[in-house]
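Just below is one structure, and these are the notes that go with it.
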Amino acid sequence: MSLTAADILAQRLFDAGCRHAFGIPGGEVLSVMHALDHAGLEIVLTKHENGAGFMAEGTYHRTGAPGVLFATLGPGMANAYNVIANAHQDRVPLVFLTGRVDDFDAASYTHQVFDHAKALEPVVKGSFTLVDGAVDRIVDKALSLAQSGRPGPVHIDVPISLAAKIQENTPKLWQPAYLPSAPSESPEFKEVRTRLAQAKRPLAVLGLEILSEGCEADVKEFLLKHGIPSVATYKGKGIIPDDHALSLGGAGLSPKADKVVLPLLEQSDYLLLIGYDPIEMRHGWQDVWQPCKQPGQQFVAEFTLEPNLHGMHRANFTFTGSLAPALNTLDKGLTVGPVWQENEISSAKSGLASAFPADEEWGPAAIVDEVRKAMPDHGIASVDSGAHRILQSQLWVCRQPHTLIQSSALCTMGCALPLAMGAKVASPDVPVVAFTGDAGLEMILGELSTLRDLKLPVVVVVFVDESLALIELKQRGSGRDNLAVDFGGTDFAALADAMGGRGLNARNRTEMVAALDGAFEGDKFTLIAAHIDRKAYDGKF
Ligand SMILES: Cc1ncc(C[n+]2csc(CCOP(=O)(O)OP(=O)(O)O)c2C)c(N)n1
Ligand SMILES: [Mg+2]
């Protein structure tokens, strides 16, 4: 059978586990889109390339296979920039396919044409142009790059005529998977083990690289076996269930949580950083710990996928390579003694619980509380950027990893709805909820019509406060006048009805419970406009 370049590209993506592709076609990417369809990827037409990219990311969180986003040249590519930057910062393997005018044409044609690769350079791991006769090799390189080390986005520009051109050569075999590598035994590694065995106050910091590697179960087993408590970044929540006695939940954005967690990090005599990528963290986490050489003082051992070039923190030893085999080696002959003998961890847990009460009569915490009660542990929540996210991320109890998804590095608005949609497309049987601020939703509203067309019962919970609450808080906190942070009210419930969903308002817990009833079933999305006061987050995080 004769295959075009686009067919080979599409088959490679299918072989890599990709089953969906999201985007908006233009004439220049039609051959690619149809080839993806023929190869067995479901094509999802969206309203904006930014939303499409987040849907593609949503599928990655469910399947582990790279997300696929396609866009036409020029404006299509430019619209996708935000989500590509997000994939870069949030370590998402994303394959970004664009159409491109043929080189002979570009010599005398300028309409919609600019250099995609140059524009994308700071936000992709690599940019490739398909070349006649080497399509298989180029796609393999792109896929390897997207998925190795810290995952990230790769861009493949597909010249229009090449896409439809029959390829003479038979595609070569898919290259084998890389095998995990672990640090070998060494005097340094021995010291890391010995110091852990002697530690009185060891504490692990868990990050998103654990999810990138897929070694959540190994990390959990190691920490629980040795009774080592941990704190996670927001992306790492649920590796150890948030309500486990050894878990301090997630941290990174909330000053109130930091007040409890950072002193523990300072008191700890042994920090074990596992896949901790500080790109999720703010200034409060810069150089919190001080690794020392002397016995009895703070010791920091770091296991990470890539060298520490960020400079956010230091460690006595940083081992790069696969995390699970490294923990396996660390485990050999290891016995950790009794730790944290003065109930510091349980006191910190109670401190966190009282800092974030969920029992208010009505408000953002009550909304999160009611949704949590309505969802099983394996249900998936996404959350947008804004004041609501900080509170939601602290309050949302994750008992399994991968159950709370968000943009925690780029922190972009407008991600929660499409992330939830992508997760639901990839796993229709799992209940999925998107939490979003009102401004964040208004940035991405068009995708509600995509959700209508998908006929999926995703639940969208909007914190309606008619305010850019997080920015208003910062503005007020810095003594500035109120400017460009308040806006008028949208009737989100009516809007949801108009866009083919089920719209409901909630102004108290009873209405919230009623709105959630049956919302995770059927073939319509439910949008719950949860009304809260402006300034509802004052003193809350
Ligand atoms: C694309 C983008 N633009 C601007 C910002 C800056 N920003 C962060 S949070 C926020 C307010 C979001 O308002 P809303 O969605 O209503 O959430 P709330 O803070 O009210 O909970 C803004 C403007 C951002 N993170 N992303
Ligand atoms: Mg708001």
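Please treat every number below as a calculation from the coordinates, not as lab data. This structure is a prediction, so every number in the text was calculated from the model and none was measured. FYI the Cβ positions are ideal-geometry reconstructions off the backbone, even for glycines, and counts take in every protein chain you see.
Using a Förster distance of 60 angstrom, determine the FRET efficiency expected from the C-beta separation of ILE166 and THR510, and round it to 0.05.
Once the sixth-power term is evaluated, E becomes 0.40.
Dipole of the chain (Lys/Arg Cβ +1, Asp/Glu Cβ -1, origin at the Cα centre): which of PRO278, ILE24, ILE160 lies farthest to the positive side?
PRO278
Starting from the Cα gyration tensor of the chain, take the square roots of the eigenvalues, sort them a ≥ b ≥ c, and report rounded, prolate or oblate (rounded when a/c is under 1.5, otherwise prolate if a/b is larger than b/c, else oblate).
oblate
Quick one: grab the alpha carbon gyration tensor of region 235-336, order the square roots of its eigenvalues as a ≥ b ≥ c, and give me rounded if a/c is under 1.5, else prolate or oblate depending on whether a/b is larger than b/c.
Here region 235-336 falls in the rounded category.
Between ALA217 and LYS373, what's the calculated FRET efficiency when r is the beta-carbon distance and R0 is 30 Å? Round to 0.05.
The calculated FRET efficiency here is 0.65.
Which residue, THR170, GLN112, PHE222, has the largest displacement toward the positive end of the dipole of region 110-237 when charges sit on each Cβ (Lys, Arg +1; Asp, Glu -1)?
My answer, from the dipole projection, is PHE222.
Pairs to check: LYS235/LYS424; LYS200/LYS293; LYS118/LYS172; LYS225/LYS373; LYS220/LYS259; LYS47/LYS424. Give those whose C-alpha atoms are more than 22 Å from each other in this structure.
LYS118/LYS172; LYS225/LYS373; LYS220/LYS259
Give, in nm to one decimal, the length gained when the segment between ASN328 and ASP491 is fully stretched (0.36 nm per residue of separation minus the Cα-Cα distance).
Gain on extension, ASN328 to ASP491, equals 53.2 nm.
How long is the gain from ASP115 to ALA177 if the chain were fully straight, where each residue apart is worth 0.36 nm and the alpha carbon distance is subtracted? Don't skip to the answer; put the middle values down first.
Details: separation 62, 0.36 × 62 = 22.32 nm, distance 3.23 nm.
Residue separation times 0.36 nm, minus the Cα-Cα distance, leaves 19.1 nm.
Return the whole-Å distance between the Cα centroid of region 392-422 and the Cα centroid of region 243-319.
Between the Cα centres of region 392-422 and region 243-319 lies a distance of 22 Å.
Divide by every residue of the chain the summed helix terms, -39500 (n - 2.57) for each DSSP H run of at least 4, and state the resulting mean residue ellipticity at 222 nm, rounded to the nearest 500 deg cm²/dmol.
-11000 deg cm²/dmol
Between ARG19 and LYS535, what's the calculated FRET efficiency when r is the beta-carbon distance and R0 is 51 Å? Round to 0.05.
In this case the efficiency is close to 0.70.
Could you check the spin-label model distance between HIS310 and LYS259? Points 7 Å from the Cα along Cα→Cβ, value in nm.
Here the modelled spin labels are 2.6 nm apart.
When a/c is below 1.5 the answer is rounded, else prolate if a/b is larger than b/c, else oblate, so apply that to region 274-402 with a ≥ b ≥ c taken from the square roots of the Cα gyration tensor eigenvalues.
Here region 274-402 falls in the prolate category.
Could you tell me what percent of the DSSP beta bridges with both partners in the chain are antiparallel, to the nearest 5?
On the way: 3 of 69 bridges.
Antiparallel bridges: around 5 percent, rounded to the nearest 5.
List the relative contact order of the chain as a percent without decimals, with contacts defined as Cα pairs under 8 Å and 6+ residues apart.
13
For region 453-541, run through the trypsin sites (Lys or Arg not before Pro) and keep only the ones in DSSP coil with at most 12 other Cβ atoms within 10 Å of their Cβ.
Listed in order of number, the matching sites are LYS455, ARG480.
Within region 342-375, whose backbone N sits under 15 Å from a point 7 Å along Cα→Cβ of GLU521?
Counting backbone N atoms under 15 Å from the label point, the list is 375.
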